Structures are given as structure tokens and as C-alpha cells.
1. What do you reckon, is residue 241 within 16 Å of ligand 3 (Cβ to nearest atom) and β-branched (Val, Ile, Thr)?
2. Given the structure, is residue 99 open to solvent by 20 Å² or more (accessible area, probe 1.4 Å), within 15 Å of ligand 1 (Cβ to nearest atom), closer than 21 Å to residue 249 by Cα and hydroxyl-bearing (Ser, Thr, Tyr)?
3. Of the conditions (1) in a helix (DSSP H, G or I); (2) within 28 Å of residue 43 (Cα to Cα); (3) open to solvent by 60 Å² or more (accessible area, probe 1.4 Å), residue 163 satisfies every one except a single condition; which number is it?
4. Residue 154: away from ligand 3 (no atom under 16 Å from the Cβ), in a helix (DSSP H, G or I) and among the hydrophobic types (A, V, I, L, M, F, W, C), yes or no?
5. Do you know which of the residues in the stretch 135-169 that are among the basic types (Lys, Arg) and away from ligand 1 (no atom under 16 Å from the Cβ) is nearest to residue 179 (Cα to Cα)?
6. Would you mention how many residues in the stretch 218-256 are at pLDDT 95 or above, surrounded by fewer than 19 Cβ atoms within 10 Å (Cβ to Cβ) and within 16 Å of ligand 1 (Cβ to nearest atom)?
7. Only one of (1) at pLDDT below 95; (2) within 30 Å of residue 45 (Cβ to Cβ); (3) not assigned by TED's automatic domain parsing to the domain that holds residue 161 is not met by residue 209, so which one is it?
Amino acid sequence: MPTPELDIGLVIAGHGRHYIVETPEGREIKCSPRGKKSQLVVGDRVRWQPTDTLGNEGVIEAMEPRTNLLYRQDEWKTKSFAANLDRLLILVAAEPVFSESQLARALIAAEQARIKVSILLNKIDLVESAQLARERLAPYVKMGYDVIEVAIKARPDETRARLTDLLATGSTLVLGPSGTGKSTLVNLLGLDAAAPVREISVALNSGRHTTTHTRWYWLDDAHQGALIDSPGFQEFGLRHIPVEDLAAWMPDLSPYLGQCRFANCSHDHEPGCAVLAALAKGDIAPSRHRIYLEVRDELGRTHY
Ligand SMILES: Nc1nc2c(ncn2[C@@H]2O[C@H](COP(=O)(O)OP(=O)(O)O)[C@@H](O)[C@H]2O)c(=O)[nH]1
Ligand SMILES: [Mg+2]
Ligand SMILES: [Zn+2]
């Protein structure tokens, strides 16, 4: 039921049973959701009302419709990253060597959720490993992804200059394995990572001071652009994607769909497969086909 008489707010942090909701005036309200099981995530817009006389606490009554939701679906667990995203910034680094499978999975999830993506390659000051990373990213450049090369710590001014326009408007979720430079980026952009975490820990009585939770930061006083920092992840399950749709979310495979001899071609071994022909010609990178088969196998498996 629509509840337009209630105040609107933005979920800027979530912690178990509680959320921090920011009002349009910039006040932070500690809110609990109505009902037992809440699916709210950072980036959600909600309707809430105060529950104390000071107006520092409230209850979330309803969620506004989402434009999108980025999440992963592991074997037994769903993990939502954030909602209403304007873009995803996937951070990889020259070192540690990134997992191409994880990168590909994040890209597939973003395509499926219809979220624009840029790939940020960090630590290009590490010349030799950066060259290797660049070669591994070449197929992604070829299939149309924007790859931005930076050295967040080693060349901060240059990095800031390269990212300013990209991040200026809308909400950007930064996603990447730990050790790639997410915290360094948050610091570079002058976002005080410690302060809000401290405040939230106090407000939510969690007593924890580490960035183990997703958090929204405004990048400017006018609140035009926002960065969402999220904890690193170990796996990226795509079990929410129907196996027959998988290739459609891979921009280097999708042009060949509908061109195979068999309509239900799995692009694995079938004669007259257009994807395998493109692979043989070098138009699809071997690593990409391998990742396709790996994810397809995973999605095809049943666990009941
Ligand atoms: N060589 C190099 N190291 C960097 C650069 N940017 C960040 N680092 C280092 O990478 C490590 C991980 O960075 P951090 O921001 O903690 O990564 P997070 O786990 O993604 O938050 C730290 O030791 C940083 O100093 C860079 O441009 N060049
Ligand atoms: Mg970090
Ligand atoms: Zn095929």
C-alpha cells in the first residue's frame, strides 16, 4: 500500500536488524524495519516514521520500488550488495593477481541487473604485473567494457582526475576482492571511512569498528554523487540466473546466439555451434569460454 504521508529516507547503512536512514535534510535515523524479515539494502529508498520524541529513531514502514538490485546467489545463500545503482565500479589490481572468474561473474550479475559497469585496474605502478593484468583484461576491452587504469596510492592526483567525472553524478558501488585498494580509494576521495563506521557502531551498539558492512558516502555537499563501499567477497554465485540465459549476459558470446545449428545448443560440443566457431577463430577468448562452461555447469547442477 502506498504511504506518501510518511517521510522519505535513504538507507545508507544496514546492520542486521537495524538500518541507518538518512533524511533529505541529512539527519541520520536509527530505524528498525516493520516485520521480522527485512530485505532492505543500502541504496533503498524507504518510508519511515519516528518512534521516539527526539526523532532519532524510527520504524521503516515501506520500501519504494527499486530500479535495480545487485546481488549474488551462492549455493545456499543470497547476498544483496545494494539497490538503485547508477553504476558498478569493479576494482581489480595488478597485485594480488585477480580471479578472472570472479570478475566475469560480477559482470554477468551487473548485465542481468542492467547496471552500467566500469572496470578499475589499480596498482599500474607495479609495471610487470600490470602488464599481465592488462593482457588478461584485453578480452573485456574488446567486448566493450570501459577499463580505467589507475594507481590510487602511487599516483593519487592522476587517479582523482580520472575518476572525478565518472563519479560526479549518481550512485556508484565499488566492488572488488580485498587487497585491491577500496579503502585507499575511499581515503583518496576524502571520505572519512572511520567516522561513519564509528558512529554506526555506536548507534547500533555493535561495538565493531571495521568496514565489514556496506556504506553509502556522498561525494559532494550538493549530494549529486555517491560512492558505496562494500566488503570484499570470496565467491560470486550466479544461481539466480537461468542457465539458458547465461550466454545472453556475456557480451562476447551473445552476438552468436541464434546462429547455432541447434536451438538448444549448449555451446559445449555441438556440431554447427557458432560460439565454438568464434572460439576457434579467436574471436572469443579461451578463458571466457572456459568461464562460461564453469558457470553453466554450476547452474545446471541440482541440489534437491
Ligand atoms: N603498489 C600500489 N599499492 C597500492 C596502490 N593503491 C593501494 N595499494 C595498496 O594495496 C593494499 C590494499 O589496499 P586497501 O585499500 O586496503 O584494499 P581493500 O582491501 O580493497 O580495501 C594496501 O597495502 C595499499 O597501500 C597503488 O596505487 N599501488
Ligand atoms: Mg578495505
Ligand atoms: Zn552453440
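The values are calculated or read from the model by the stated rules, or taken from the named source; none is laboratory data. Being a predicted model, the structure only gives us computed values, none of them experimental. Here the Cβ positions follow ideal geometry from the backbone for every residue, glycine too, while neighbour counts run over all protein chains shown. Side chains included, ligands, DNA and RNA excluded: accessible areas come from the protein's heavy atoms. Shrake-Rupley method; radii C 1.70, N 1.55, O 1.52, S 1.80 Å.
1. Numbers: within 16 Å of ligand 3 (Cβ to nearest atom): no; β-branched (Val, Ile, Thr): yes.
For residue 241, the condition - within 16 Å of ligand 3 (Cβ to nearest atom) and β-branched (Val, Ile, Thr) - is not met.
2. So residue 99 fits the description; yes.
3. Only one criterion in (1) in a helix (DSSP H, G or I); (2) within 28 Å of residue 43 (Cα to Cα); (3) open to solvent by 60 Å² or more (accessible area, probe 1.4 Å) is unmet by residue 163, namely (3).
4. On the way: away from ligand 3 (no atom under 16 Å from the Cβ): yes; in a helix (DSSP H, G or I): no; among the hydrophobic types (A, V, I, L, M, F, W, C): yes.
So residue 154 fails the test.
5. 136
6. Adding up the residues that qualify gives 0.
7. Of everything listed in (1) at pLDDT below 95; (2) within 30 Å of residue 45 (Cβ to Cβ); (3) not assigned by TED's automatic domain parsing to the domain that holds residue 161, residue 209 misses just condition (3).
Residue-by-condition table, conditions (1) charged (D, E, K, R); (2) more than 24 Å from the chain's Cα centre (by Cα):
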| position | (1), (2) |
| --- | --- |
| 16 | no, no |
| 24 | no, yes |
| 30 | yes, yes |
| 48 | no, yes |
| 59 | no, yes |
